[in-house]
There are 2 protein chains.
Amino acid sequence: MNEKTRQRRPAFDREAGVAIAQALFHERGYDGVSLADLTEAMDIKPPSFYAAYGSKAELFERAMLRYAQENALPLDDLLAPDRPPAEALSALLLAAAKQYGRHSLLRGCMITEGMRANDQVARQMARNLGNGGLQAIRAYLDQVHPRGAQALADYMAVTLRGLSAAACNGMSRKRLIEVAQVAGRFLSREMDADQSTSAS
Amino acid sequence: MNEKTRQRRPAFDREAGVAIAQALFHERGYDGVSLADLTEAMDIKPPSFYAAYGSKAELFERAMLRYAQENALPLDDLLAPDRPPAEALSALLLAAAKQYGRHSLLRGCMITEGMRANDQVARQMARNLGNGGLQAIRAYLDQVHPRGAQALADYMAVTLRGLSAAACNGMSRKRLIEVAQVAGRFLSREMDADQSTSAS
DNA sequence: CGCACTATGTAGTATCCACTACATATTTTA
DNA sequence: TAAAATATGTAGTGGATACTACATAGTGCG
């Protein structure tokens with residue numbers, strides 16, 4: 001249990017290996033990274049890899065969890081119930097645009113893009129993780145804007161996926177942010193109008 | 001030239017082969033379809049395949065061109081210059097949503113999703129084709145709504161990509177259409193407001 | 001009818017894939 | 001210090017990949 005005292009030969013740091021895998025998977029996607037790529041980047045041999053992580057898919061899951069903890073959008077903060085809903089959603093889109101276009105290599109959302117893997121196991125892992133975030137948005141909207149919550153949540157899902165895809169295809173951070181701002185302005189207008197009128 | 005009289009042993013119809021490939025590539029993506037899948041579906045052997053199409057990537061390009069001719073959104077009609085711009089863009093989003101969710105297997109935009117292929121050659125082919133459509137939207141906006149044309153074109157690109165991605169991930173046609181309608185309403189509000197005021 | 005041509009099927013190529021059996025070297029425990 | 005446990009490196013597994021050399025069967029043209 002006390003892994004701290006265990007001064008075993010460094011061999012290799014498994015958490016560091018997860019971080020390396022996270023970067024590779026984020027940059028090239030699950031299918032774009034081979035086991036040879038991973039073992040070379042970690043400077044280990046395949047047997048050590050499997051002893052440590054079990055399989056490529058399991059490591060991908062650990063890398064996505066690490067990504068979620070480190071890089072995922074802080075939905076709980078952004079979607080605080082006491083914020084004006086349109087402002088909260090706009091802030092979420094803006095935060096996503098900023099993050100998706102931040103690095104030149106690590107573009108888009110690792111989890112959103114992971115949903116497109118050719119490997120079925122990896123794809124399902126990514127979907128399970130990604131759906132969690134979407135459900136959080138849905139739950140938030142059910143509370144603060146129950147009328148049309150589904151449509152608004154779907155709009156957010158589509159826009160977030162679009163931002164991630166556009167980022168992966170090279171759209172600059174500046175332009176991503178502008179799109180998020182446009183969408184945020186749309187949301188503000190729509191939800192303000194929705195407060196005063198009852199039917200379009 | 002007169003291919004009709006050429007009663008050559010049926011062997012196999014190359015255009016029909018492109019159609020088969022189009023369906024397979026659309027359903028599973030470039031990397032998700034192997035040469036064995038293609039030759040089996042066309043009921044031919046690899047040598048016939050290469051004699052007819054040159055390579056997997058070349059066939060993918062032909063399949064995308066076929067898709068563009070048959071299924072791509074009729075941008076010229078949708079983006080008629082004499083239409084109210086917001087209405088034209090809304091119609092484009094709606095047409096995309098309807099098409100992306102039409103079939104249960106052939107979901108999303110074949111070209112947009114092709115941009116995510118792991119194979120670099122295929123990816124570049126898809127990007128070249130897809131960028132054509134986006135440039136058409138940009139050119140249209142430069143004409144009818146020059147102020148903020150870039151931001152609006154980027155917004156359309158992001159939303160179209162998002163609709164395609166959401167369709168691939170299983171969002172129902174009904175919900176896709178609702179998202180397109182929400183976005184269309186946003187565009188109408190924004191562009192109407194933009195006509196009367198000069199600063200937000 | 002016979003020759004030249006073309007597309008075909010058989011059977012492979014080399015390469016990459018994720019993954020593993022086995023013996024060795026290092027570390028922890030007794 | 002000796003034995004047990006563990007992670008390592010060497011080397012290789014079967015299978016899938018895109019693609020092809022070669023002989024043959026079917027074709028149109030003379």
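The values are calculated or read from the model by the stated rules, or taken from the named source; none is laboratory data. Model, not experiment: these values are computed from the prediction. No Cβ is skipped: glycine too gets one built from the backbone with ideal geometry, and neighbour counts run over all protein chains shown. With ligands, DNA and RNA removed, areas are computed over all heavy atoms of the protein, side chains included. Shrake-Rupley method; radii C 1.70, N 1.55, O 1.52, S 1.80 Å.
A few notes on this one:
- Selection count, segment A:80-119, where residues are in a helix (DSSP H, G or I) and small (Gly, Ala, Ser): 8
Each row is one residue, and each column tells you yes or no for (1) outside any helix (DSSP H, G or I); (2) more than 14 Å from the chain's Cα centre (by Cα).
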position	(1), (2)
A:ALA136	no, no
A:GLN143	no, yes
A:ARG147	yes, yes
A:ALA151	no, yes
A:ALA167	no, no
A:ALA183	no, yes
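- Residue that is nearest to A:CYS168 (Cα to Cα), among those in segment A:86-104 that are in contact with a helix residue (DSSP H, G or I) (Cβ under 6 Å, 6 or more places away or on another chain) and hydroxyl-bearing (Ser, Thr, Tyr): A:TYR100
- Residue in segment A:7-15 that is under 23 Å from A:ALA68 (Cα atoms), more than 9 Å from DNA strand C (Cβ to nearest atom), assigned to a helix (DSSP H, G or I) and modelled with pLDDT under 95 present: yes
- Inter-residue pairs, beta-carbon under 8 Å, first over 12 Å from B:VAL158 (Cα atoms) and at the interface with chain B (Cβ under 8 Å from one of its Cβ atoms) and in segment A:164-187, second open to solvent by 10 Å² or more (accessible area, probe 1.4 Å) and of a type in the set (D, E, K, R), 6+ apart: A:ARG185/B:GLU190; A:PHE186/B:ARG189; A:PHE186/B:GLU190
- Annotation: of all residues in segment A:25-47 being out of contact with any Gly (no Cβ under 9 Å at 6 or more places or on another chain) and within 8 Å of DNA strand D (Cβ to nearest atom), the one that is farthest from the other protein chains (Cβ to nearest Cβ) is A:PRO47.
- Matching option when the condition is at pLDDT 95 or above and over 15 Å from the mean Cα position of the chain (by Cα), among A:ALA86, A:ALA126, A:ALA117, A:ALA95: A:ALA86
- Selection from segment A:161-187 of residues that are farther than 25 Å from A:GLU27 by Cβ and open to solvent by 40 Å² or more (accessible area, probe 1.4 Å): A:GLN181, A:ARG185
- Hey, B:GLN150 more than 9 Å from chain A (Cβ to nearest Cβ), open to solvent by 30 Å² or more (accessible area, probe 1.4 Å) and without any contact (Cβ under 8 Å) to a residue 60 or more places away in the chain or not: no
- Cβ-Cβ under 9 Å pairs, at least 6 apart or on other chains, segment B:100-114 side at pLDDT 95 or above, far side in a loop (DSSP other than H, G, I, E, B) and charged (D, E, K, R): B:TYR100/B:ARG107; B:GLY101/B:ARG107; B:GLU113/A:ARG116; B:GLU113/B:ARG107
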